[in-house]
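See structure below.
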Amino acid sequence: MKIPLPERLLAGQPPEDFVREAQIAACLEHPGIVRVYETQSIGMIRYIASAYCDGPTLAEWLEQQSQPLGAKQAAQFQVDVAEAVHHAHTRGVLHLDLKPENILLDLRDTGDMPRPMVTDFGLAGRCKDTSQAGPQRIAGTLAFMPPEQRAGDVTRIGTSADVYAMGAILVEMMGQHASLFNKQSDKGTTLASARIRSQAIPTDLKSICQKCLQNDPLQRYDPAKELAADLRSFIRGDCVTARSVSWPERIAREAGRRPVISALSAVLALTVMSSLVAITFLWREAE
C-alpha cells in the first residue's frame, strides 16, 4: 500500500498527481514491473494498492553485500531491468526516476540473484511514440539523471533518458558510486567516462556503460532492448555493438567459446598447410 508522504500533503500536492501515477502504472503488465491494482480514498487519504514484493530495494540489498557484484551478475540483473523498461516504453511510458531505491527485489525462487521489479512511476511521463517524449514535470534524482533532464530540456527528453539511468545503476552495482562521479565540466557536460574507474570491469561492459552515459541522447542505446541485447552478448562472450572489435580478437573470442571446435579447426588448417607444402616440395623434386 502506498500513501502520499505527509510533507507532500502539507505542501499542497494535488491528488491528481497520485491518481496519475496509478493510472500510468496500471497499464503496464510485465513480470519485471510491480503491478498496480487500484487507487482509492479513505476520507482525506488516497492510496495505491500494488502487488506485494517480499524483498528489499536494490539500494538496501547492495548495502548488505560484502563486495560489489561481479560483471556478469550485474549484467544479467540489468538485462531484466532493461526489458521491463522497454515494455514501459512500448506502452508510451517513461519512468524518469530509475534508481536503486525504485527497484524492488523478488526473493522467491530466484537462486543466488534476486529478480528486479521496477516500481514508483510517480515522475513518469507519457509519449506519443517511443523515439521522442516529454515528461509532464521535470524532477528526478541527480545521480541518475541525464544532462537533458537536469537542464529541463523537455524537447530532448525521451526513452534514452531511462537508458542513461540504467547505465548509472549498472556502474553502481559494480562498486562505483554514481553520485561521486556525477560532476560537470566547465562546459556543463557530464563527465560520464570519469565515472567508470574500476580496472576490474571488463572492457566490453565498460563500453556498454559508457554508451549508456553519453551526454548526447542520440548516442545512447535506443530503444532499451538494444541495451538488453548488448548485455546478453557480453554475458555469452560475443562481441558487443558498443565497441568495435578487430578480426584477431574475434577469432580469439570464438576460440575461447568453442575450444574443441577451434582445436579441430586449427589441426585441420595445419594439416592442409602441411600437405600443400609437402605436395609443392614433391612436385619440384619430380620436375
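Residue-level analysis places GLN40 outside the set of residues that are under 13 Å from MET113 (Cβ atoms) and open to solvent by 50 Å² or more (accessible area, probe 1.4 Å).
Search region 37-71 for residues being in contact (Cβ under 8 Å) with a residue 40 or more places away in the chain and of a type in the set (Val, Ile, Thr), and hand back the single one that is farthest from PRO6 (Cα to Cα). Only one residue fits best here, namely THR57.
Regarding region 161-175, can at least one residue be identified that is over 15 Å from the mean Cα position of the chain (by Cα), of a type outside the set (Val, Ile, Thr), in a loop (DSSP other than H, G, I, E, B) and modelled with pLDDT under 90? Break it down stepwise before answering.
Filtering region 161-175 down to residues over 15 Å from the mean Cα position of the chain (by Cα) leaves 175.
Still in the running and of a type outside the set (Val, Ile, Thr): 175.
In the following step, the residues that additionally are in a loop (DSSP other than H, G, I, E, B) were identified as 175.
So of that shortlist, the ones also modelled with pLDDT under 90 come out as 175.
The answer is yes; a qualifying residue exists.
All conditions in (1) open to solvent by 30 Å² or more (accessible area, probe 1.4 Å); (2) at pLDDT below 95 hold for LEU96, with the sole exception of (1).
Among the residues of region 1-17, count how many are under 14 Å from ILE45 (Cβ atoms) and at pLDDT below 75. Walk me through how you get there before you give the answer.
First pass over region 1-17, keeping only residues under 14 Å from ILE45 (Cβ atoms): 1-6, 8-10, 13, 15.
Subset that is at pLDDT below 75: 5-6, 8-10, 13, 15.
Qualifying residue count for the region: 7.
For region 195-252, filtered to residues that are among the charged types (D, E, K, R), exposed (fewer than 13 other Cβ atoms within 10 Å of the Cβ) and modelled with pLDDT of 90 or more, the residue that is nearest to ALA75 (Cα to Cα) is ARG236. You will find that of GLU148, GLU83, the residue that is modelled with pLDDT of 85 or more, open to solvent by less than 10 Å² (accessible area, probe 1.4 Å) and assigned to a helix (DSSP H, G or I) is GLU148 and no other.
For GLY111, indicate whether it is modelled with pLDDT under 90, at positive phi and not basic (Lys, Arg). Steps first, please.
Working: modelled with pLDDT under 90: yes; at positive phi: yes; not basic (Lys, Arg): yes.
So GLY111 fits the description; yes.
The values are calculated or read from the model by the stated rules, or taken from the named source; none is laboratory data. Note that the coordinates shown come from a computational prediction; the quantities given were computed from them, not determined experimentally. Counting neighbours? That spans all protein chains shown, and the Cβs are built from the backbone with ideal geometry, glycine included. Areas reflect the complete protein model, heavy atoms only, side chains present, ligands, DNA and RNA absent. Shrake-Rupley method; radii C 1.70, N 1.55, O 1.52, S 1.80 Å.
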